[in-house]
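Enquirer: I'd like to ask some things about the structure below.
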Amino acid sequence: MSEDFATIQFLPVCSNCGHIIYDIIDITKDQSSTEIYHMPHPRIEPGQCKRCGAIFEQIIIPNRLPFNNKKEFSIS
């Protein structure tokens, strides 16, 4: 009997509806301002969920294990 091996992939999901995002995820910072105290405003791509239309304002990436993914995949 041979063993099959696999990997665990952390997929990005919308925290509002649980839709898996298959687009390329990117974040850029606007560096156009020259004010001393100006914090660059990040731009997230994609900007909103294709299923529910929620606007994305941050990206959360798990930084340690164990990772509890039950809330990400539950739909209220």
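The values are calculated or read from the model by the stated rules, or taken from the named source; none is laboratory data. Note that this is a predicted model, so its numbers are computed, not measured. Every residue, glycine among them, receives a Cβ derived from its backbone with ideal geometry; neighbour counts consider all protein chains shown.
Enquirer: Can you pull out the residues in the stretch 51-61 that are over 10 Å from the mean Cα position of the chain (by Cα) and surrounded by fewer than 12 Cβ atoms within 10 Å (Cβ to Cβ)?
Expert: Scanning the stretch 51-61 gives Cys52, Gly53, Ile55.
Enquirer: Kindly provide the set of residues from the stretch 8-44 that are hydroxyl-bearing (Ser, Thr, Tyr) and either at pLDDT below 90 or touching a Ser or Thr at 6+ places or on another chain (Cβ under 6 Å) (or both), ordered by number.
Expert: The answer is Thr28, Ser32, Ser33, Thr34, Tyr37.
Enquirer: Tell me, yes or no, whether the stretch 47-68 has at least one residue that is modelled with pLDDT under 75 and of a type outside the set (Phe, Trp, Tyr).
Expert: Yes: one or more hits.
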